1. For residues in the range 341-392 being among the polar types (S, T, N, Q) and at pLDDT 90 or above, which is nearest to residue 312 (Cα to Cα)?
2. Could you go through the range 275-287 and let me know if any residue there is within 24 Å of residue 60 (Cβ to Cβ) and either free of Cβ contacts under 8 Å to residues at least 60 places away in the same chain or not aliphatic (A, V, I, L, M) (or both).
3. Against the condition under 30 Å from residue 35 (Cα atoms) and either basic (Lys, Arg) or in contact with an Asp or Glu (Cβ under 6 Å, 6 or more places away or on another chain) (or both), how does residue 389 come out, does it pass?
4. When you go through (1) touching a residue at least 40 places away in the same chain (Cβ under 8 Å); (2) part of a strand (DSSP E or B) one by one for residue 306, which number turns out not to apply?
5. Considering only strands (runs of 3 or more DSSP E) fully contained in the range 330-425, which possess at least 2 residues that are of a type in the set (Ser, Thr, Tyr) and either touching a residue at least 24 places away in the same chain (Cβ under 8 Å) or touching a His at 6+ places or on another chain (Cβ under 7 Å) (or both)?
6. What do you reckon, is residue 53 at pLDDT 85 or above, surrounded by fewer than 21 Cβ atoms within 10 Å (Cβ to Cβ), closer than 30 Å to residue 368 by Cα and touching a helix residue (DSSP H, G or I) at 6+ places or on another chain (Cβ under 6 Å)?
7. Could you look through the range 200-211, keep only residues that are out of contact with any Gly (no Cβ under 7 Å at 6 or more places or on another chain) and in contact (Cβ under 8 Å) with a residue 24 or more places away in the chain, and pick out the one that is surrounded by the fewest Cβ atoms within 10 Å (Cβ to Cβ)?
8. For the range 62-176, which fully contained helices (runs of 4 or more DSSP H) count at least 3 residues that are modelled with pLDDT of 90 or more and under 16 Å from residue 222 (Cβ atoms)?
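The values are calculated or read from the model by the stated rules, or taken from the named source; none is laboratory data. All of these numbers come straight from a predicted model, not from anything done at the bench. Don't worry about glycine lacking a Cβ; one is built from the backbone with ideal geometry, like all the others, and counts go over all protein chains shown.
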Amino acid sequence: MAYSSVRGRKPMERASKISHTNIITAPEVKGLLAECTIPRAADKATVSELLLRVPEPDQQPIKAVIAVDGSYRESLVRDDFPSATITFFAFGPLFFKLEDLRALDRETFIAPEDLSKLKKIQRFHLALPTQNISRNGRSLRDSIRYTIHEFLLKEHHGDKSLGDTLRWLIFRLWLPSSSQQRVMRHCPNQDCTREDIVLTAQSPALFDCDVCGKPIYLADTLRLHELVDDEQGASRVTSYLLSTLETLALVHLIRALWDMKPTLLREVLFIKDGPLALFGQVFSLVEPLRDLASFLNRYPDPADPSKMVSLLNIVGLEKSGSFVEHAVNIEKTLDAAQEAARQDGADVGVLLPLSNEYIYKYVIPGDPGGSIAYGGNTYWGGKVIFRAKDGSTYVATVPTSGGHKAAPKYDDFMNITEVLAAVSELRCSMYDNALIPVALANRLVSLSDVPSSRILESFARGSIGR
């Protein structure tokens, strides 16, 4: 790493202009590159063989849409050395009825009050110290732990707390008699020797460690504190935390409808911006999320209790990344398949289920013949590429019945016919392959570089204690 100009009086150290020759001529570098391969382009015949036609639902039970999105922005509150930063989060669910959207589509002119029906959003806000900031004398690590605990415990908008929902999720409290436990391998307090701390549904949200006497929070089960370094800061925490909060917001609403009337879930489509997955330290929530989806997939039909219905309609939609790029590369093949369907008298969408073998062969590096399923630890749904009737292409994640599968079939995806039919109605022409609820939610909670970043920075500098 080169020397930087700390005080601005001396120049920065410049990089060498010829050091690359040492890399190019190094035998070990040449040998390594010779062993490297990249996923090859999917040939048209392979994709065409795997494509499925998506039928129209016999009856569309989905009447409303809830989309969750969020954003965060790091603000510098002291630019002297060492610098200090705080990160602001904004996220929340957007709700509207499909019929309100259809009514707008029938209007020649759209009035502002009509458009406001699509902008009902419940906002959550959080400020998190991320570098060289202490809360009441705590270390940065403990300041972050306490801040997350405090936020999850707070009752927002007169509702139950997200902490209650976290407890409901990890201990599977939708079951009549749940005996689930969560084991924390180490005390989250630094230098404590206590191990294997067993938490149950009755464990308080805050209790003291038997060994060090310092606080342990239920929020510590997320393990985000493991990514915090008091010297280097907590920049690695922010994206994982936002993804967790978005997921908890979704589960919070699912739980609310479940408590109110379980069959109401059948009438709502939940949309998450991004895949149905959790990465990094918080992946431990994936298993209970899969269990929740599986539970809601088999519910006695009120019309015929001898039959089971699937209550959960949920989809994660990706805007960027390797899978989106791959979808763009195969669009001509998708077009050809749709045209063939129209010639057969079927004006429908087409679907490409993404199996373990397909993903590792054509999308990302991996062993196509391996026994480990892609996303086995991080995804709570299976991936598909969906080409809607209007020509929009989406990379979607939908939960699968029977747990995570290496090669999911069409019938494995929960309520996929109804879910994709609703997605097809939500097209937003402002951006490529965009959906109205996702675009609106992003607009209502996103934090821009200008002016949001500057305003938040000024606000933080003027409000933070010295």
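1. 378
2. no
3. Spelling it out, it is not the case that residue 389 is under 30 Å from residue 35 (Cα atoms) and either basic (Lys, Arg) or in contact with an Asp or Glu (Cβ under 6 Å, 6 or more places away or on another chain) (or both).
4. Going through the list (1) touching a residue at least 40 places away in the same chain (Cβ under 8 Å); (2) part of a strand (DSSP E or B), residue 306 breaks only (1).
5. Those strands (runs of 3 or more DSSP E) span 393-398.
6. Considered against the rule, which asks whether it is at pLDDT 85 or above, surrounded by fewer than 21 Cβ atoms within 10 Å (Cβ to Cβ), closer than 30 Å to residue 368 by Cα and touching a helix residue (DSSP H, G or I) at 6+ places or on another chain (Cβ under 6 Å), residue 53 comes out as yes.
7. Per the stated criteria, the residue is 200.
8. By residue number, 140-153, 162-170.
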